[in-house]
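No value in this document is a laboratory result; all are computed from the given coordinates. Computed from a predicted structure; not experimentally measured. Every residue, glycine as well, gets a Cβ built from its backbone with ideal geometry; the counts of neighbours run over all protein chains shown.
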Amino acid sequence: MLSKRIIPCLDVRGGKLTKGVRFKGNVDIGDPVEAARQYYGQGADEIVFYDITASSEGRDIMIDVVNRVAETIFIPFSVGGGIRTLEDMRRVILAGAEKVSVNSGAVENPRIITGGAVAFGSQSVVLGMDVKKVETSARIPSGYEIVIQGGRKHTGLDALWWAREAENLGAGEICLNSIDADGTLEGYELELTHRIATHVKIPVIASGGAGKKEHLLDVLTKAKADAALIASIVHYGTHTIGELKEFLAGGGVKVREVW
């Protein structure tokens, strides 16, 4: 059985580490480079970096911050935000990222998933999915809709359909974020996570809502996620990554040891 991964998420706005609730009311809380260094030292399995306003502002990702983070850590590093072309992907990988997360750009141009998989390997292409619960309909039978541009634009795409489609196009992993749970500290969206994780064959990272240790245990066991993305629970010092891993191991979850 593969180890479950614990992955701190660095949402970055204007070069600063930031955190909001349900994609709103963001507050700057620190330096992303220092945070990456701290989480690497605590035993993070990977780091995820999102330039959260790049897509909505129609600009390129802040490659200088990506460079600085990559120079600080020696674990897998995934970068997303404003990735629209293969050249964008190439720039991020050359800056030190092992994985590139495509979200809005993939919805607008699904061929970028296949192009990225061919150019850099499926293992380097992560589909970022920002999902909101809606009324079920013929168009959205799962009751979960894909929302893009930092939560600003509804697409009418069914989340379960899009996850399967992206897998067929060549995505090697899915980072699944519930907008409804994001930043609430009330737990992951277990129904959504379970539905996606059990209907695709690629790894699924659950994102949005972790506020206590038990939330990670639930999403990794009950919802079958392969990894848990975390933010507030470590940004605000509630727990260290070592404490989270110790708790999970005690609950029977296989995790990588903290060195």
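Some values worked out for this structure:
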item	result
Stretchable slack from T221 to Q123, in nm (0.36 nm times residue separation minus alpha-carbon distance)	32.9 nm
Partner lysines for K133 [C-alpha distance under 18 Å; skip if fewer than 8 residues away on the same chain]	K24, K153
Fraction of antiparallel bridges per DSSP, the chain only, in percent to nearest 5	30
Exposed-loop-free span, longest in the chain, where trypsin sites (Lys or Arg not before Pro) count as exposed if DSSP calls them loop and at most 16 other C-beta atoms lie within 10 Å	60-138
In nm, spacing of pseudo-spin labels at T85 and E135 (7 Å Cα→C-beta vector)	4.2
Residue-count net charge about E186 - beta-carbon cut-off 12 Å; Lys, Arg +1, Asp, Glu -1	-3
³J(HN,Hα) computed for each position of the range 154-161 - Karplus, 6.51 cos²θ - 1.76 cosθ + 1.60, integer Hz, glycine/proline x	7, 9, x, 8, 6, 4, 5, 4
In nm, spacing of pseudo-spin labels at T114 and E186 (7 Å Cα→C-beta vector)	4.1
Backbone HN-Hα couplings from phi across the range 111-116 [Karplus 6.51/-1.76/1.60, Hz, Gly and Pro as x]	5, 5, 5, 5, x, x
Eligible aspartates and glutamates near K201 by straight Cα distance, threshold 14 Å, same-chain separation 8 or greater	E165, E167, E173, D226
Length-normalised contact order of the chain in % [C-alpha pairs under 8 Å, at least 6 apart]	18
Three principal axis lengths of the range 123-259 [C-alpha, angstrom, descending]	46, 28, 24
Along the chain, longest interval not containing exposed GluC sites (Glu not before Pro), exposed being DSSP loop plus at most 10 other Cβ atoms within 10 Å	1-134
Largest-first principal axis extents of the Cα set of the range 75-203 (Å)	41, 31, 28
Mean-position separation - Cα centroids, the range 72-105 and the range 164-236, in angstrom	20
Kirkwood-based shape ratio for the range 108-168, expressed as Rg/Rh from alpha carbons	1.02
Using θ = phi - 60° and Karplus 6.51 cos²θ - 1.76 cosθ + 1.60, couplings along the range 121-132 (whole Hz; Gly, Pro as x)	x, 4, 5, 9, 10, 10, 8, x, 10, 9, 10, 10
Share, in percent, of DSSP beta bridges within the range 107-202 that are antiparallel, nearest 5	50
From the C-alpha gyration tensor of the chain, square roots of 5λ in Å	24, 22, 18
